[in-house]
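Worksheet: the structure to be examined is printed underneath.
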Amino acid sequence: QVQLVESGGGLVQAGGSLRLSCAASGRTFSTYAMGWFRQAPGKERQFVAYINWIGVSTYYTDSVKGRFTLSRDNSKNTVYLQMNSLKPEDTAVYYCAATKAFSTIVPSYDYWGQGTQVIVSS
């Protein structure tokens, strides 16, 4: 069992930065790959970024490549999503999730956090 808690969301102007954190509980955290998804009002939850269990392999959706960086610290049971050059279209609730294998789709993820709101003003 893995419990996930996101933090770090907030209101930021376009061009600004935020760092989201996802703290995990449970002894098996380091055996899970992690992903971030986001959901804007009225839209489906969409994949943002993925990192494998050891943190050496990452994958990003095209719209955030070069702006977002995903990392993890297994000694702290935490995953970080650094978001730079934020745009109004990045506004959404951001969720971290845990999976046993690489995936960009929601059903492949076993555990989810409650989400953290990111609002980017123009």
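Against the list (1) open to solvent by 30 Å² or more (accessible area, probe 1.4 Å); (2) in contact with a helix residue (DSSP H, G or I) (Cβ under 7 Å, 6 or more places away or on another chain); (3) without any contact (Cβ under 8 Å) to a residue 60 or more places away in the chain; (4) under 15 Å from residue 93 (Cα atoms), the condition residue 53 fails is (4). Taking the condition over 22 Å from residue 12 (Cα atoms) and in contact with a Gly (Cβ under 8 Å, 6 or more places away or on another chain), does residue 50 pass? Spelling it out, residue 50 is indeed over 22 Å from residue 12 (Cα atoms) and in contact with a Gly (Cβ under 8 Å, 6 or more places away or on another chain). For residue 56, the conditions (1) in a strand (DSSP E or B); (2) over 14 Å from the mean Cα position of the chain (by Cα) all hold with the exception of (1). Apart from one condition, residue 61 fits all of (1) closer than 18 Å to residue 115 by Cβ; (2) open to solvent by less than 60 Å² (accessible area, probe 1.4 Å); (3) of a type outside the set (A, V, I, L, M); (4) touching a helix residue (DSSP H, G or I) at 6+ places or on another chain (Cβ under 8 Å); the exception is (4).
Of the residues 66, 42, only one is outside any helix (DSSP H, G or I), within 20 Å of residue 11 (Cα to Cα) and either open to solvent by 30 Å² or more (accessible area, probe 1.4 Å) or small (Gly, Ala, Ser) (or both); which?
Within the list 66, 42, the selection yields 42.
Cβ contacts < 7 Å: first residue over 13 Å from residue 88 (Cα atoms), restricted to the range 6-20; second residue open to solvent by less than 50 Å² (accessible area, probe 1.4 Å) and of a type in the set (Asp, Glu), any location; separation 6+ or different chain. Result? Listed by first residue and then by second, the contacts come to 20/6.
Taking the criterion of being part of a strand (DSSP E or B) and open to solvent by 20 Å² or more (accessible area, probe 1.4 Å), the residues of the range 13-33 that qualify are 13, 18, 19, 21, 23, 25.
The values are calculated or read from the model by the stated rules, or taken from the named source; none is laboratory data. Keep in mind that this is a model prediction, so the values were computed, not measured. Heads up, the Cβs are rebuilt from the backbone with ideal geometry, glycines too, and the neighbour counts pull from every protein chain shown. These area figures cover heavy atoms from the full protein model, side chains too; ligands, DNA and RNA do not enter into them. Shrake-Rupley method; radii C 1.70, N 1.55, O 1.52, S 1.80 Å.
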